[in-house]
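Input: a single structure, listed below in structure tokens.
The values are calculated or read from the model by the stated rules, or taken from the named source; none is laboratory data. Quick caveat: nothing in here was measured; it's all calculated off a predicted structure. Methodologically, a virtual Cβ is constructed for each residue, glycine included, from the backbone with ideal geometry; neighbour enumeration extends over all protein chains shown.
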Amino acid sequence: MIKLTIDNKVVEVEKGTTIFHAAKKLNIEIPILCYMNLEHLDIENKPGGCRICVVEVEGRRNLAPSCSTKADDGMVVRTNTMRVINARRTVMEFILSDHPKECLTCSKSGHCDLQDMAQKLGVREIPNETTCEMSSYRLDTSPSIIRNLDKCIMCRRCETMCNEVQTVGALSAINRGFEAAVGTAFEMNLEASTCTYCGQCVAVCPTAALTEVDHTPQVIRAIADPTKTVVVQTAPAVRAALGEEFGMDAGTLVTGEMVTALRGLGFDHVFDTDFAADLTIMEEGTELLGRLNAHLAGDKDVKLPILTSCCPGWVNFFETQFPDMKDIPSTARSPQQMFGPIAKTYFANKLGIKREDMVVVSIMPCLAKKYEAQRDEFKVDGNPDVDFSISTRELAHLIKQANMDLTTLEKSEFDQPMGESTGAGVIFGATGGVIEAAARTAYEVHTGKTLEKVDLKQLRGMEGIRAGSVDFDGLEVKIGIAHGLGNARKLLNDIREGKSHFHAIEIMACPGGCIGGGGQPLHHGDSEILQKRAAALYREDAGKPIRKSHENPAIKELYETFLGEPCGELSHELLHTHYFDRKRKRDIED
Amino acid sequence: MSETKIKLKEKDVAKIVEICGFFGNEPGELINVLHKCQGEFGYLPAEVQEVVSDNLNVALAKVYGVVTFYSFFTMKPKGKHPISICTGTACYVRGAENVMEEFEKELGIKQGETTADGKFSLSSLRCVGACGLAPVVLVGEKTYGRVAADGVKEILAEYEA
Amino acid sequence: MSEYKMHMMVCGGTGCRASESDTIVEKMKKELEYRNLDEDVQVVITGCFGFCEKGPIVKMLPDNTFYTEVKPDNVTEIIDEHIIKGRKVQSLLYVDPNKGQAEPDSKHMDFYKKQIRIALRNCGFINPEVVDEYIAADGYEALGKVLADYTPEQTIDIIKQSGLRGRGGGGFPTGLKWQFAAQNEADKKYVVCNADEGDPGAFMDRSILEGDPHSVLEAMAICGYTMGSDEGIIYIRAEYPLAIERLHIAIKQAREYGLLGKNILGTGFDFDITLRYGAGAFVCGEETALIHSMEGLRGEPTVKPPFPAESGYNGKPTNVNNVETFANIPAIILKGAEWFSAIGTEKSKGTKVFALAGKINNVGLIEVPMGTTLREVIFEIGGGIKDGKKFKAVQTGGPSGGCLTEKHLDTPIDFDNLLAAGSMMGSGGMIVMDEDDCMVAMAKFYLEFTVEESCGKCAPCRIGNKRLHETLDKITEGKGTLHDLELLKNMSNVIKDTSLCGLGQTSPNPVLSMLEHFYDEFLGHVSDHKCEAGQCKSLLKYNIIEEECVGCTACARVCPVGCISGEKKEVHIIDQSICIKCGACMDKCKFNAIELI
């Protein structure tokens, strides 16, 4: 332990602690901007670039960045001298002098770290503002993410997420000096890059340099159009996080309130993606068992492990970076994309309306779902199965615009039939949940016995890569789980090198699974928030009367009256997909 | 994305692969590999960077990030006679600025550009260590010392043939 | 060297090569062969002699005749007169401008008289491409001595006692640095030589590498021995092809002689050296940035600690020294710490190499003892200001340093005195300015450099320097205000105080020191819109002198913007609000009727 003095108060901290953390212990909040600590990922972004967190250290010539300067024994630190405050303000003036001043219409306004800090530091004008040259870049709009580099402040958080956590490598610091920013290779559009739209960059961006494409205007217009029947589905992870946008504690389940709010917004049918999750289990589970049995029977052509395919960020990842392995993942579509075609066929038939008159909106914790919804293979004659996918954050905006406060709303139930779901569907939102749900069903189908201990706790947790096994009545099914694409890459490399011993692997692009998705309320790196969201989903699962997908009565009815068998002909048409080699192609002359 | 679009030939790809292989396909050798590639092609078009990225297993964005960081690397082809004007302090004090202006005027291009016919390109250069000859101009490998603005025409005339 | 009767040392430094010293060598060799003299006279290409102003330099041994401004056409004359007849070629001798007489021996020239050459000891005296010549000049003796007689600790002690401080700019005690690197245990350690000389106007590292590459190799091996490293890397500017070529030759020869590689001199010590190329980024002079660049990354600095001695290249303990620092090492080992520390001032020992440039008569590379005054350097060695103009200031430390004025002329130059005067040693660039140099424009020039070279990682350097430059530009354009001077000061102080690395922490120095010493000149720009030095074009006015104008209309016809009016045979007038100050009218006027005010 070492002792130091900060603002005349003595504090004792462990060796290696930074001045910033030591000050925190004394309840002194030193302002920070670029710094970000993701404890659950063991990632600390501290380029020491913004210089807002500088403090005075006795005996040191210049000011020290408190986020990256380690405390020393006997150190005397002052965090609030006028020298420090003048430095912070001047640096903030520098940053703002190269930042567009369009806060009125900026999507980040009110949630912008830069705006907050400028206010906190009391910056009221920028010297010689009109003559300051501003760096200027092309606006890049992709199906999921908008990049407006004019607003980049070089905090490097997105670069850290894209490279160190996700290993996607779409973003890097580019150029030098005043022109430096975080961008793509050759400043290409995200669409042309290796971007998976996982949205982890958006989730950490302190400004509006990286934001999601806002689809709420289209949703509002669809609901306002009397000729359209607007159906909404909500993903499992949304209910465990939406409350945070209304000041509720992390991990508060707001399923019922959310349903009320959606109805209040005017959606004609409020359904649950959990229903589609149960359907996914039927298809994916059947495929898993089919492959497993064939493999056990000695069929050399059958590839194992089977990989889950319900995460569109993950699908984008292997299509761009591991196209040679595109036969390994399950062909089952994601729940969002299973919900769409069922709504536009089965449910539209029930209502007796045409496909074109139905608009399917999904509420997702995810930005990759926006891209997924507009993929060509998920359209019929140009009409998408899912029309608009909006994020948890966008939904919160909509609810607030409609003068509703989630905290005061009554609870209500999903509509039938596509609002019916099991506990297995709910846990899709947390890492390990999909494979646990699949195992519950696969066990019973394979063994013909009832699974007594439904909670497969060996598959739960927050570790990046996990291994667990489920005893299928004497057959040990080995399961691997990875969340975060960097971890997925490790498992994929193992498979490529023939080192993988798993039968099935669940992969989620985002750390924590969907609860940590790129469209969720910002968690600012607080891993406890993720854990609380996961716990909420497991709580909802435990409270459900039915906890296995194949026991969902609405699913049973769907197969009996419409689909026939899982993995049958109609299933293949509506519920399965195929993958593409999307590696960048090279144009070579002979 | 204003750089020239080119098509690599089979043998060009093979050359880049060979260069990467020479450096053990080590990501840490990226800058050495880029030096060699620029030596080979004269510049580093996007297509070359893509092959380097694949072979060294360094994300393409990172390769581009390195290329755009160092002033020695260029994504634009240089002119047949690249003209570099030293803008080190000694040359500045002895009038390099005027010399640069004169070249810009004579060639009708700005620093960092190449003439339409591909004959000349113009760039500035940090101290070449020939301060005794300030201001210094390099055309290709040839050094011209104590250049004055009114000597610019004469230098260019040497290459007009 | 002994079998030849005579040696002709031709400077192969960059400056002299640019003035065709290559051709001189070729022609000389051919002529000697033709006259069957090639057995008697050896032509040697050496490193920089330092006296670049008078290049190409040719020195004849053994009589030490120093020929200046030699041209290829002079070759036959040198052979006929000097070599055959034993008479000096008078027209090629250096003429002392004060005494007005020829001075054939460099030892007696003002330029060399006050110099003590330690780092440059072999430059101009040996052929850098022949290892035997380096060995003949006691080369690799220091390495042998260290390996045979001293423990690593003893060696570090010698360096510590010598008082040698880093010559790259920071001035950190070299021995201490070595000690830190030695103390950190690791399976692998690296010795790095920083040869990414980037200060615009400094070229001593290049000259050492071109003129005496082995001295650096030897020193790196010694350093490797003290810290327990078997691998050295020289990070060198790719724009230094000659230095690179000579290093390659030197490394190859040293390996052949068993002076590098496995089991050096049979002592069991392994050490080898490779080259890495910089790619044009001034910030890579900062050691953490340099290390990232060596790792194939963007050359961005990181917060220290951890220092490279703890975690450097590939995360291993790494010691980074600059070329000139290394070049001092063998001499210190051979002659002892006491010898070295007897030279210089109390806290700055030894000598320092300076690149003398700008408005000075003797541009070149000099090495003087620490403590030499600016006056001695500029007026004695440098031969005073060019064209008899008035001395105004001298910038030391390049874009990281500040300017010194008349009142500093008698200050002994060392690390601490320069810092106290608001400048710094830096790598040793020394740019002399005269009355025609505008200090605002000068500050702007340095900021332009910094803006271009900032890596962009931290906000104050990335944006702040841009704003400084814009403000200075505004002032030179005549649009500055008094408030802008206040802004300059505050911005400069904050950039210094908050920037991540040495580049940003020192980039405002030129502005601050010029503001301090030439405040009136800044004031003149903002309140009177006048540039005393006449360098800021926007502040100049072309004026037609009524009495001289004959109304020939030539000026009006040549004016590209049509701002000159007047009837034929009547006095013309320039409309200042339209004039773009191109000067075409003044060039055209045959009657000297247009003046610049």
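Taking the stretch A:183-202, which residues are at the interface with chain B (Cβ under 7 Å from one of its Cβ atoms) and touching a helix residue (DSSP H, G or I) at 6+ places or on another chain (Cβ under 6 Å)?
Answer for the stretch A:183-202, where residues must be at the interface with chain B (Cβ under 7 Å from one of its Cβ atoms) and touching a helix residue (DSSP H, G or I) at 6+ places or on another chain (Cβ under 6 Å): A:THR184, A:ALA185, A:PHE186.
Give me the residue from the stretch B:14-58 that is over 24 Å from the mean Cα position of the chain (by Cα) and among the small types (Gly, Ala, Ser) and, out of that set, nearest to A:ARG584 (Cα to Cα).
B:GLY21
Would you check if there is a residue in the stretch B:28-50 being away from chain A (no Cβ under 14 Å), basic (Lys, Arg), touching a helix residue (DSSP H, G or I) at 6+ places or on another chain (Cβ under 9 Å) and free of Cβ contacts under 8 Å to residues at least 60 places away in the same chain?
Yes, the stretch B:28-50 contains a residue that is away from chain A (no Cβ under 14 Å), basic (Lys, Arg), touching a helix residue (DSSP H, G or I) at 6+ places or on another chain (Cβ under 9 Å) and free of Cβ contacts under 8 Å to residues at least 60 places away in the same chain.
Could you check the stretch A:203-226 and list, in sequence order, the residues that are within 14 Å of chain C (Cβ to nearest Cβ) and surrounded by fewer than 24 Cβ atoms within 10 Å (Cβ to Cβ)?
The one that is within 14 Å of chain C (Cβ to nearest Cβ) and surrounded by fewer than 24 Cβ atoms within 10 Å (Cβ to Cβ): A:THR207.
Of all residues in the stretch C:495-514, count the ones that are over 22 Å from the mean Cα position of the chain (by Cα), free of Cβ contacts under 8 Å to residues at least 60 places away in the same chain and under 17 Å from C:GLY402 (Cα atoms).
3
Restricting attention to the stretch C:256-266, does a residue exist that is of a type outside the set (Gly, Ala, Ser), without any contact (Cβ under 8 Å) to a residue 40 or more places away in the chain and in contact with a strand residue (DSSP E or B) (Cβ under 8 Å, 6 or more places away or on another chain)?
Yes, the conditions are met somewhere in the stretch C:256-266.
Kindly evaluate C:LEU447 against the criterion of being touching a residue at least 24 places away in the same chain (Cβ under 8 Å), closer than 26 Å to B:GLU101 by Cα, within 11 Å of chain A (Cβ to nearest Cβ) and of a type in the set (A, V, I, L, M).
no
Would you list the helices (runs of 4 or more DSSP H) that sit entirely within the stretch B:1-86 and hold 1 or more residues that are at pLDDT 90 or above and under 24 Å from C:VAL283 (Cβ atoms)?
Because the criterion is at least 1 residues that are at pLDDT 90 or above and under 24 Å from C:VAL283 (Cβ atoms), the helices (runs of 4 or more DSSP H) in the stretch B:1-86 that meet it are B:30-41, B:46-56, B:60-67.
Quick one: how many residues across the stretch C:439-470 are assigned to a loop (DSSP other than H, G, I, E, B) and surrounded by fewer than 24 Cβ atoms within 10 Å (Cβ to Cβ)?
Total satisfying the criteria: 0.
Checking A:ILE146 against (1) more than 14 Å from chain B (Cβ to nearest Cβ); (2) without any contact (Cβ under 8 Å) to a residue 60 or more places away in the chain: exactly one of these is not met. Which one?
Going through (1) more than 14 Å from chain B (Cβ to nearest Cβ); (2) without any contact (Cβ under 8 Å) to a residue 60 or more places away in the chain one by one, A:ILE146 breaks only (2).
Among the residues that make up the stretch A:272-283, is at least one of them buried (at least 20 other Cβ atoms within 10 Å of the Cβ), in a strand (DSSP E or B) and in contact with a strand residue (DSSP E or B) (Cβ under 8 Å, 6 or more places away or on another chain)? Write out each step before concluding.
Step one: list which residues in the stretch A:272-283 are buried (at least 20 other Cβ atoms within 10 Å of the Cβ), which gives A:272-283.
Still in the running and in a strand (DSSP E or B): A:272.
Those left that are additionally in contact with a strand residue (DSSP E or B) (Cβ under 8 Å, 6 or more places away or on another chain): A:272.
Yes, some residue in the stretch A:272-283 is buried (at least 20 other Cβ atoms within 10 Å of the Cβ), in a strand (DSSP E or B) and in contact with a strand residue (DSSP E or B) (Cβ under 8 Å, 6 or more places away or on another chain).
Please go through the stretch B:103-130 and pick out each residue that is over 24 Å from C:ILE431 (Cα atoms) and among the charged types (D, E, K, R).
Of everything in the stretch B:103-130, those that are over 24 Å from C:ILE431 (Cα atoms) and among the charged types (D, E, K, R) turn out to be B:GLU104, B:LYS105, B:GLU106, B:LYS110, B:GLU113, B:ASP117, B:LYS119.
Among the residues of the stretch C:371-409 satisfying the criterion of being assigned to a loop (DSSP other than H, G, I, E, B) and under 15 Å from C:SER423 (Cβ atoms), which is farthest from the other protein chains (Cβ to nearest Cβ)? Even if it seems obvious, please write down each step before you answer.
Here is the first cut: in the stretch C:371-409, the ones assigned to a loop (DSSP other than H, G, I, E, B) are C:371-372, C:382-384, C:389-390, C:397, C:401-402, C:409.
Adding the requirement that they be under 15 Å from C:SER423 (Cβ atoms) leaves C:397, C:401-402, C:409.
On the way: C:GLY397: 11, C:GLY401: 11, C:GLY402: 13, C:LEU409: 19 Å.
Ranking the candidates gives C:LEU409 first.
Any residue at all in the stretch A:432-442 that is closer than 24 Å to A:TYR559 by Cβ, in a loop (DSSP other than H, G, I, E, B) and either outside the structural domain of A:ILE546 (by TED's automatic domain parsing) or in contact (Cβ under 8 Å) with a residue 60 or more places away in the chain (or both)?
no
Quick check on this structure: which one of A:ILE32, A:ILE52, A:ILE28 is more than 29 Å from C:GLY456 (Cβ to Cβ), in contact (Cβ under 8 Å) with a residue 12 or more places away in the chain and not assigned by TED's automatic domain parsing to the domain that holds A:THR207?
Result: A:ILE28 is the single residue among A:ILE32, A:ILE52, A:ILE28 that is more than 29 Å from C:GLY456 (Cβ to Cβ), in contact (Cβ under 8 Å) with a residue 12 or more places away in the chain and not assigned by TED's automatic domain parsing to the domain that holds A:THR207.
Let me spell it out: the conditions are (1) facing another protein chain (nearest Cβ under 7 Å); (2) surrounded by 21 or more Cβ atoms within 10 Å (Cβ to Cβ), and B:ALA96 meets all of them except one. Which number is the exception?
B:ALA96 satisfies all of (1) facing another protein chain (nearest Cβ under 7 Å); (2) surrounded by 21 or more Cβ atoms within 10 Å (Cβ to Cβ) except (1).
Residue pairs, Cβ under 8 Å, 6 or more apart or interchain, first in the stretch A:87-100 and more than 9 Å from chain C (Cβ to nearest Cβ) and touching a residue at least 60 places away in the same chain (Cβ under 8 Å), second part of a helix (DSSP H, G or I) and crowded, with 22+ Cβ neighbours inside 10 Å. List them.
Note: pairs meeting the criteria are A:HIS99/A:LEU114; A:HIS99/A:LYS151.
Residue by residue, here is whether (1) under 19 Å from C:LYS530 (Cβ atoms); (2) surrounded by fewer than 24 Cβ atoms within 10 Å (Cβ to Cβ); (3) in contact with a Lys or Arg (Cβ under 8 Å, 6 or more places away or on another chain); (4) not basic (Lys, Arg) holds:
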position: C:HIS408; (1), (2), (3), (4): no, yes, no, yes
position: C:PHE415; (1), (2), (3), (4): no, yes, yes, yes
position: C:GLY428; (1), (2), (3), (4): no, no, yes, yes
position: C:LEU472; (1), (2), (3), (4): yes, no, yes, yes
position: C:GLU486; (1), (2), (3), (4): no, yes, no, yes
position: C:ILE495; (1), (2), (3), (4): no, no, no, yes
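Of the residues A:GLY122, A:GLY169, which single one is within 13 Å of chain B (Cβ to nearest Cβ) and assigned to a loop (DSSP other than H, G, I, E, B)?
Sole residue among the options that is within 13 Å of chain B (Cβ to nearest Cβ) and assigned to a loop (DSSP other than H, G, I, E, B): A:GLY169.
Listed here are the residues, each with its yes/no results for (1) surrounded by 24 or more Cβ atoms within 10 Å (Cβ to Cβ); (2) modelled with pLDDT under 95; (3) among the small types (Gly, Ala, Ser).
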{"site": "A:GLU372", "(1), (2), (3)": "yes, no, no"}
{"site": "A:VAL380", "(1), (2), (3)": "no, no, no"}
{"site": "A:ASP385", "(1), (2), (3)": "yes, no, no"}
{"site": "A:MET404", "(1), (2), (3)": "no, no, no"}
{"site": "A:SER412", "(1), (2), (3)": "no, no, yes"}
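On the basis of being closer than 22 Å to C:ILE135 by Cβ, touching a residue at least 40 places away in the same chain (Cβ under 8 Å), within 14 Å of chain B (Cβ to nearest Cβ) and within 29 Å of the chain's Cα centre (by Cα), does C:ILE291 make the cut?
no
Is it true that C:ASP473 is facing another protein chain (nearest Cβ under 10 Å), under 18 Å from A:GLU133 (Cβ atoms) and charged (D, E, K, R)?
yes
Specify which of the listed residues (C:ALA186, C:ALA181, C:ALA219) is modelled with pLDDT of 95 or more, surrounded by fewer than 24 Cβ atoms within 10 Å (Cβ to Cβ), more than 14 Å from chain B (Cβ to nearest Cβ) and more than 12 Å from the chain's Cα centre (by Cα).
Every option except C:ALA186 fails the conditions.
Out of the residues in the stretch C:231-255 meeting the condition of being surrounded by fewer than 17 Cβ atoms within 10 Å (Cβ to Cβ) and touching a residue at least 24 places away in the same chain (Cβ under 8 Å), tell me which one is farthest from the other protein chains (Cβ to nearest Cβ).
Per the criteria, the residue is C:ILE249.
Scan A:ILE529, A:ILE507 and give me the residue that is within 23 Å of A:PRO365 (Cβ to Cβ) and either in a helix (DSSP H, G or I) or more than 17 Å from the chain's Cα centre (by Cα) (or both).
Going through A:ILE529, A:ILE507 in turn, the sole match is A:ILE529.
Here are some conditions: (1) assigned to a helix (DSSP H, G or I); (2) within 11 Å of chain C (Cβ to nearest Cβ). B:SER124 meets all but one. Which one does it not meet?
Every condition holds for B:SER124 apart from (1).
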